[in-house]
Structure formats: structure tokens, C-alpha cells
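Q: Mind having a look at this structure? Questions to follow.
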Amino acid sequence: MGLFQQHIDHLVQVTTAALADTHYDGLWIYSGHPENNFLDDMAPPHSINPHFKWWVPVPNVTSSVIHFVPGHKPKVYLHQPADFWHKVVDNSQDKWTQYFDVEVIGHYNQLPDFAAYKNHAWIGSKELQPLSAQDTNPDAIINHLHFSRIQKTEYEVHCIAEANQSALKGHHAAQEAFYAGASEYEIHMAYLQACQHNEYQMPYGNIVALNENPAVLHYQYQSRERVATDQLKSFLIDAGASYKGYAADITRTYAYQPGRFAEMIKMMDEKQQMLCQKAVTGQDYVALHELAHLSISELLCEFEVINCSAQTAVESGLSQTFFPHGLGHYLGLQVHDVSGHVIDRQGTVKSPPKAYPFLRLTDHLRENAVITIEPGVYFIPMLLAEIAKHKDVNWQKVTELLPFGGIRIEDNVVVKSTVPLNLSR
């Protein structure tokens, strides 16, 4: 049995269970469609409903609908209009279609009368909502399906692994461009070329940051200006790739010259790999995040950035100045995949601890979940200003490190019972 067939069989099973638990007889899932910008006749790139691409591995489909009723073959109303303005790709003969009853439609008037099917739920964005409000994206069924998405099928792991392979080609090209003295924009373009993606196929906007710019956690620009090689210090790139709707999310950091910052990167890499190895079934992710704080504080001690013990830095909250974000998140159909703060199919929320409000994942790790592990250490002027003259900070070292911005290293890891699978190495 092929991986995709196993995947579809799993979706049939979990969706049947979700409908039984929520007392629905059937489910509609709408792909969504582009909507024009305000006062314009052009639309931004369309982001497909993740519930739709969970079933249908064609991430550029629009205006299409899945109809699922337990005991029946899932049906896809596949929109392929007659259109001489745009190229219409015929997906109706693809291999995935053998697991569905596929009906090609050219216009909305060929869709069924959704309201005529009693006791159905609808999952879709606001572009099309033909059912009552109570049956549109009902929390009970959304919570059930989102929780089911945490543990990936082997097909999903394969897709994320393929996305990682594309992303790693891009990271290698970006590393070479950095050492060749390229600008942020040139590095970004080298990345896209190497992984054979255009801008709109990327799962998120690339973070391509030279020198002090890694201190901006979601740095959103790609400067066209080259930095003189005698002024180049550091490079952080946070960039992924996509494969059949699944995302990779990888970060690497480099020093332009050998020295203490390069040694700091090496030590961070060792600690990050240690954390990856602890991503096993049953691991409390909050505890893993706390271990990351302790590990980063040990690094800060080793490089004389702080004067207190690592344990004191964590307990006092000092470590959060240098590591202000969460250790990672779920990864899959969405970069920040769903259900990071829930612990059951009813949607029971386990909020992040007050000390770590930005933590995106709070549950114990589950078999075959795919997570990111992305510890970092940063020298962020705004946060450093909040602890100005702190007695446990070596401000001379901080001043020396400010021009380097910071370090983040991120891998995509499949949770296993004994030895996690690192897809990024």
C-alpha cells in the first residue's frame, strides 16, 4: 500500500470519528479562492485552505470543494474553468484522483446545492460560506481535526522531508553567496534559484540578515546594498521550502571570520543538537524550552556575557533578554502548525507559562509530530535597554557582540519513541 493511500485511509478514519463525535452526517471543505485587493482588480497570491490540501496534494487549486460522507468515496468538485487569460492545469488525471470521485467543474453554477444536504458542516474561509453560521467552521469539528493533524502520517513526514531537501539546497547556496560578499537581496535570490521556488511558493518570507540585522527576529527586508567585506561580520538565514503543500523551516547562522563569534555559533550548534535529541515521545515541551534557557545561559557564561551562574540567569529571568522567543512549534501544512496549545480533541487549552508567553507549543510531545527546535541568543538593543546597568551583565562583551546581531539554529525534527528523526541534517 502506497504512502498516499495510507494517508487517505487515515484521513477517512479521523474525519469519520470527528463527524461521529460532533453528530454531523457529512462535511464540505472549500479550497478558497483569490479575492482582489481593496479598490483594485488584482488579487494577492492565494493561500489554500490547509484542510483542503490535507486531502488534495495540489497546493494551487482554487474554487474547489471536497464532499465527505462516511462510508462513501470522498468527492472532489475540481474547478478547471475555460479561461484564455490564464493557463489552466488539468489535475483531473493525476495519481491522487484514484482515491476520489472527481467531478470537473467550469463554473460555480455547476456546484451542488450545499444547503440541500442536511446535517453537514462547512470548513472554509469567508470567500464562500453557504451554510448557517453554526455549521460553518464549527469549533467542535475544527478542534477534533486540528488535534488529529499533530501526529503526521508517513506520507506527511515524506513531504516535509522533501521540502527540507529543497530548503537545504537553498541554504547551501545562501552560505556560498554570503562568503562571496553578496547583498541580502542577492543571497535571497541565490536561495530561490537553488531550491527552484519562486517568491510565492515559499512557505513564509525569507529572513536574510547580515551583521546587526539578526537582532530583529522577523527581519523583513533584503537590502540591495553590499556590505564591504572588511565590515562583514555575521549572517543569519531563516528560510524554508514547500512540497505538495507541506513546509520546511530551517535557520542557520554564520560568522564571516574565525573568532569568538564563530566559536559561539559552534557551541550553540552543539547545544541545539542536544535539544533535538530530546524530542522523544512524552517529552514535556515546556521543560525542553526551560532546558534551552539553561543551555543558552551556559553559553552566555562561557563567553563571559553574564557574570552570574546559568541557573541564576534562568531563575531571575535574565536569560529571556537574550532568548526572548519560544524554542519551536509544530510544522506541517502550515509553518506554525495548529494545536500547539491544546492537549485533546475537545480543544482544551494549556496556556504557556507566564514566564514564557511566546511559547507556541505547550503539550507533551506525541509520536510522529513534526516540530522545530530553534534556540537562539541575540543582542537586541531594545531589550538590553530594559536591563541597562544590570549587575550580572558584562556590558563590554555586549558592546562587542552588538554588531553581530545574534544566532539562531533551527532544525525540523520528527518525534519518535527513542531516537528522533532530524530532517534537516
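Q: On the accessible surface of the stretch 48-180, probed at 1.4 Å, how many percent belong to carbon and sulfur atoms?
A: After summing per-atom areas, the C and S share lands at 51 percent.
Q: With +1 on each Lys and Arg Cβ and -1 on each Asp and Glu Cβ, how big is the dipole of the chain about its Cα centre, in debye rounded to the nearest 20?
A: For this selection, approximately 420 debye.
Q: Select from 299, 32, 236 the residue farthest towards the positive end of the dipole of the chain; place +1 on Cβ of Lys and Arg, -1 on Cβ of Asp and Glu, and compute about the Cα centre.
A: 299
Q: Amide H neighbours of residue 240 under 5 Å, at least 5 residues apart or on other chains, H built in the peptide plane: list them.
A: Here 204, 250 satisfy the definition.
Q: Another question, then. Putting +1 on Lys and Arg Cβ atoms and -1 on Asp and Glu Cβ atoms, find which of 121, 45, 373 reaches farthest to the positive end of the dipole of the chain.
A: Value computed over the given set: 373.
Q: For the stretch 16-91, with every protein chain kept in place, what is the accessible area per residue (1.4 Å probe, Å²)?
A: 52 Å²
Q: I've got another one for you. At 1.4 Å probe radius, can you tell me the per residue accessible area of the stretch 122-189 in Å²?
A: I get 39 Å² per residue for the stretch 122-189.
Q: Scanning the chain for GluC sites (Glu not before Pro) in DSSP loops with at most 14 other Cβ atoms within 10 Å, what's the longest stretch left with none?
A: Answer - 36-224.
Q: Per residue of the stretch 164-176, what does 6.51 cos²θ - 1.76 cosθ + 1.60 with θ = phi - 60° give for ³J(HN,Hα)? Whole Hz please, x for Gly and Pro, Karplus curve as stated.
A: My calculation for the stretch 164-176 gives 4, 4, 5, 5, 5, 4, x, 5, 5, 5, 5, 4, 4 Hz in order.
Q: Which whole-Hz ³J(HN,Hα) couplings does the stretch 353-359 yield from phi under the Karplus relation 6.51 cos²θ - 1.76 cosθ + 1.60, θ = phi - 60°, glycine and proline marked x?
A: x, 4, 5, 10, x, 8, 5
Q: Which whole-percent values make up P(r) of the chain when all C-alpha to C-alpha distances are grouped in 20 Å steps starting at zero?
A: Over the chain, the share of Cα pairs per 20 Å bin runs 24, 51, 23, 2 percent.
Q: Using θ = phi - 60° and the Karplus curve 6.51 cos²θ - 1.76 cosθ + 1.60, what whole-Hz ³J(HN,Hα) does each residue of the stretch 143-159 get, with Gly and Pro shown as x?
A: These are the phi-based 3J(HN,Hα) values: 4, 4, 5, 4, 5, 5, 6, 4, 8, 7, 6, 4, 4, 5, 4, 4, 5 Hz.
Q: While we're on this one: Against the 2.2 N^0.38 Å scaling, with N counting residues, where does the stretch 1-43 land? I'd like the Cα-based Rg ratio to two decimal places.
A: 1.89
Q: Please state, to two decimals, what the Cα-based radius of gyration of the stretch 364-425 comes to when divided by 2.2 N^0.38 Å (N = residues).
A: 1.64
Q: Could I ask something else about it? Which of the chymotrypsin sites (Phe, Trp or Tyr not before Pro) found in the stretch 323-415 are in a DSSP loop and have at most 15 neighbouring Cβ atoms, other than their own, within 10 Å?
A: Sparse-neighbourhood loop chymotrypsin sites (Phe, Trp or Tyr not before Pro): 358.
Q: Specify the residue with the greatest mean-square fluctuation among 139, 238, 269, computed from a Gaussian network of the chain linking alpha-carbon atoms under 10 Å apart.
A: Ranking 139, 238, 269 by mean-square fluctuation puts 139 first.
Q: Against the longest alpha carbon principal axis of the chain, how many degrees, from 0 to 90 and to the nearest 10, is the axis of helix 285-302 turned?
A: Compared with the principal axis, the helix lies near 20 degrees.
Q: Note the angle between two axes, namely the Cα long axis of helix 260-277 and the longest principal axis of the Cα atoms of the chain, as a number of degrees from 0 to 90, rounded to the nearest 10.
A: So the helix axis and the longest Cα principal axis differ by about 40 degrees.
Q: Could you look at the stretch 337-409 and say what percent of its accessible area is carbon and sulfur, using a 1.4 Å probe and all protein chains?
A: That share works out to 59 percent.
Q: Continuing with the same structure: Do the sum for the chain: with -39,500 (n - 2.57) for every DSSP H run of n ≥ 4, divided by all residues, what is the mean residue ellipticity at 222 nm, to the nearest 500 deg cm²/dmol?
A: Result for the chain: -10000 deg cm²/dmol, rounded to the nearest 500.
Q: Further question on the same structure: With the other protein chains left in place, how much accessible area per residue, in square angstrom, belongs to the stretch 216-259 at a 1.4 angstrom probe?
A: Computed with neighbouring chains in place, this is 49 Å² per residue.
Q: Just how far, in whole angstrom, is the stretch 270-333 from the stretch 201-215 if you go by their alpha carbon centroids?
A: Between the Cα centre of the stretch 201-215 and that of the stretch 270-333, the gap is 22 Å.
The values are calculated or read from the model by the stated rules, or taken from the named source; none is laboratory data. Since we're looking at a predicted model, the values are computed, not measured. FYI the Cβ positions are ideal-geometry reconstructions off the backbone, even for glycines, and counts take in every protein chain you see. Accessible surface areas use protein heavy atoms only, side chains included; no ligands, DNA or RNA. Shrake-Rupley method; radii C 1.70, N 1.55, O 1.52, S 1.80 Å.
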